[in-house]
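Accompanying notes for the structure given below.
The values are calculated or read from the model by the stated rules, or taken from the named source; none is laboratory data. In this text, all values refer to a predicted model and were calculated from it rather than measured experimentally. Every residue, glycine as well, gets a Cβ built from its backbone with ideal geometry; the counts of neighbours run over all protein chains shown. The accessibility values were calculated without ligands, DNA or RNA, using every heavy atom of the protein model including side chains. Shrake-Rupley method; radii C 1.70, N 1.55, O 1.52, S 1.80 Å.
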Amino acid sequence: MDNLEKWFMEHKQELDPLKASGKSWEAVESSLGKKGTLPVFKLKGWMKVAAVFAILLSTVLLWQTWEQKTELAIHNVLPDVALENPEGEVVRISDLDSKVVLVNFWASWNEACHENNCYVFKPIYEKYKEMGFEIYGISIDSDREEWLVSILEDELPWVHVSDLQSWQSPIARGFDVTTLPTSFLVDEDRRIIARDLNAEELEKTLEELLAYN
């Protein structure tokens, strides 16, 4: 397998056009042969099979990424999450008896998350909590103590959960979280209302959903 991986790395540039071309192997071989870009592409046997496998694998991974992003689109139902809170109790998003929930991915070591928690979410939470608003904070931390200290020092009163696996968390990966903070605003049926709202947008949306109902 090492030799196969080495071969693909050496000829990645020549194989990339094939991935998107949709041409037959014969047509691509002919095309590449004319350009003189890949003399060794006149392959037989296992290497051609291996190349087909690599392209198929790439297609599957792209499809999974597209499918994942589609699943998290506005108006779709957000997948449920079940993680432990600081007391070791498992809390699900579906357990929350709230009209609107902000599912927020954050980390104790992230300064943008700290500012968001203290200066955006806290005042909004205090204002709309009694109207049916809740925050389900999923920490992308690996150190339990740092996570708990951050919650206590910043006095964050909403629901906190984590699997303490940092970026290796299957939850973070499943929700395509690549930057922090990342948030999803959902209704009582977990249907996605909006993503990554700023302070003004979040308050305006909550006013429309809660204050006037």
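Structure values in brief
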{"read-out": "Contact order relative to length of the range 89-213, as percent, for alpha carbon pairs under 8 angstrom and 6 or more apart", "value": "33 percent"}
{"read-out": "Cβ-Cβ FRET estimate between Arg195 and Glu145, R0 fixed at 30 Å, reported to 0.05", "value": "0.45"}
{"read-out": "Solvent-accessible area of Phe175 with every protein chain in place, 1.4 Å probe, in Å² to the nearest 10", "value": "10 Å²"}
{"read-out": "Mean separation of Cα contacts under 8 Å (6+ apart) over length of the range 123-164, as relative contact order %", "value": "49 percent"}
{"read-out": "HN-Hα J in Hz across the range 77-86 - Karplus 6.51, -1.76, 1.60, θ = phi - 60°, x for Gly and Pro", "value": "7, 5, x, 6, 10, 10, 9, 7, 8, x"}
{"read-out": "The range 80-213: C-alpha gyration tensor shape, a/c 1.5 cut-off, then a/b vs b/c", "value": "prolate"}
